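Undergrad: Have a look at this one.
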Amino acid sequence: STQIHLASRPTGWPTDSNFSTVAVELPDLAEGEIRVANEFISVDPYMRGRMNDTKSYAAPYALDEVMTGGAVGRVVESRAEGFNVGDPVLHQLGWRDLSQSAAGNFRVVKDLPGLPLSAYLGILGMTAFTAYVGLTEIAGLKDGDTVFISGAAGAVGSAAGQIARLKGAKRVIGSAGSAAKVDLLTEKYGYDAAFNYKDGPVRGQLHDAAPEGIDVYFDNVGGEHLEAALDAFNPGGRGALCGAISVYNSTEAPVGPRNMSNMVTRGLTLKGFTVGNYAEHYPAFMADMSEWIAQGKIVFDETVVEGLENAVQGFLDLMRGANTGKMVIKL
Ligand code: NDP
């Protein structure tokens, strides 16, 4: 079996030399274990934080250990009740071709007509669930809200724009990093207005897109985007702080928004969250999302990179914006 390990901790942008490819001999299955041939592996921005040796919501990756994270595959051998050869399973054992462990580390999922198994990493999985929780539980989305979403063409963002609309937003605005992505936002994901943050200052572009202000900001990016949103908020505005990808590879301490006092004068609420703490909402998400997909009310994209040997490159491409929708590695 082949695994990808973290070999050393990156400073700034990771490089190939921070990772190693390791061949491992798997022992025979013990009672209660299963072996899974992985089909798709998730690469996610939060993994960058886990490469650092700092305190965060997820423990740092150990050096010379496998890069763990979401993956889906099929059971190829089983010594556990309830797991049969061929069953599709979701797990967190990460960047390897074969995963072997106690059955409790795997969850059997359903093969859904028309959907690839990778959907369990994206539109039916962690990223779309993050969008759902951020809007409903964290931002307290209300009917008639004007909502601004950054990172809008990514896995979380493309789901968030559509969920906001389905949950009653009046106007949905998105930002992304290319003209092609901006077109997708309005033409495919149902955003009312969108802009390319690389075309000019976010503050001015956001004002043009939302001349009457915003009520909700779903922040995937941090930095300049958050500062612009703080200026665009209407009184009582609410921000769900989901991520800050603009600073993940930075080697300098990030500069905080310089206009935090708007929180006082406009009665704003900013709340950060990590989706793992909201698991009790997963059934509600699955019920809504399955229905929306069946009714054709939600569309989604995946960017698929072929081959475990390209996992590191796929991760770096994700951090640079090569993806539209969920980035996955196909084995
Ligand atoms: P995405 O699919 O959105 O991929 C990352 C995207 O970030 C890229 O495609 C790129 O798009 C954009 N990006 C990269 N650098 C910058 C920059 N400097 N400024 C603005 N945009 C940039 O990833 P996810 O959907 O998986 O994650 C989105 C965010 O949500 C991340 O911040 C992530 O950490 C966070 N997250 C938080 C969770 C939580 O529980 N709080 C759970 C899951 C994700 P572009 O071309 O537009 O620049």
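Values quoted throughout were computed directly from the atomic coordinates according to the rules given, and no laboratory measurement underlies them. All values reported here derive from a predicted model rather than from experimental measurement. Neighbour counts are summed over all protein chains in view; Cβ atoms, including those assigned to glycine, are modelled from backbone coordinates with ideal geometry.
Undergrad: With the cut-off at 19 Å, tell me which of the pairs K167/K297; K188/K326; K142/K198; K188/K297 have Cα atoms farther apart than that.
TA: K142/K198
Undergrad: Now, a different point. Explain nothing, just the number: relative contact order of the chain, from Cα pairs under 8 Å at least 6 residues apart, as a whole percent.
TA: 17 percent
Undergrad: What share of all Cα pairs of region 87-129, in percent, falls into each consecutive 10 Å distance bin?
TA: 25, 56, 19, 0
Undergrad: What is the order of W95, W292, fewest Cβ neighbours within 10 Å to most?
TA: W292, W95
Undergrad: While we're looking at this one, here's another question. So which aspartates and glutamates pass the test for K110, namely a Cα distance under 12 Å, with those fewer than 8 places away in the same chain ruled out?
TA: D87
Undergrad: Would you kindly calculate the translational diffusion coefficient of region 133-232, applying Stokes-Einstein with the Kirkwood radius from alpha carbon pairs, for 25 °C and a viscosity of 0.890 mPa s, and quote it in µm² s⁻¹ without decimals?
TA: Roughly 191 µm²/s, to the nearest whole number.
Undergrad: For region 139-295, what mean projected area does the convex hull of the alpha carbons give, in nm²?
TA: Mean projected area of the Cα convex hull: 9.7 nm².
Undergrad: Once the other residues with Cβ under 14 Å from the Cβ of I329 are scored (Lys, Arg +1; Asp, Glu -1), what is the net sum?
TA: Local net charge: -4.
Undergrad: Right, here's the next one. Roughly what % antiparallel, to the nearest 5, for the DSSP beta bridges in the chain?
TA: Beta bridges within the chain, antiparallel portion: roughly 50 percent.
Undergrad: When you count, for each residue, the other Cβ atoms within 10 Å and take the mean per peptide, how do 144-153, 179-188, 19-28 rank with the highest first?
TA: 144-153, 179-188, 19-28
Undergrad: According to the square roots a ≥ b ≥ c of the eigenvalues of the Cα gyration tensor, what is the shape class of region 262-320, taking rounded for a/c under 1.5, prolate for a/b larger than b/c otherwise, and oblate for the remainder?
TA: Here region 262-320 falls in the oblate category.
Undergrad: Right, something else. Order of 252-258, 197-203 by packing, highest average Cβ count within 10 Å first?
TA: Final packing ranking: 197-203, 252-258.
Undergrad: Toward the positive end of the charge dipole of the chain, about the Cα centre and with charges on Cβ (Lys, Arg +1; Asp, Glu -1), which of Y217, S56, A7 goes farthest?
TA: Result: Y217, furthest along the dipole toward the positive end.
Undergrad: What is the local net charge at D44, summed over the other residues whose Cβ is closer than 12 Å to its Cβ (Lys, Arg +1; Asp, Glu -1)?
TA: +3
Undergrad: For K271, list the aspartates and glutamates whose Cα falls under 16 Å from its own Cα; do not include residues on the same chain fewer than 8 positions away.
TA: Partners found: E137, D215, D219, E227.
Undergrad: Compute the semi-axes of the equivalent ellipsoid of the chain, taking the square root of 5 times each eigenvalue of the Cα gyration tensor, and list them largest first in whole Å.
TA: Semi-axes, largest first: 35, 23, 17 Å.
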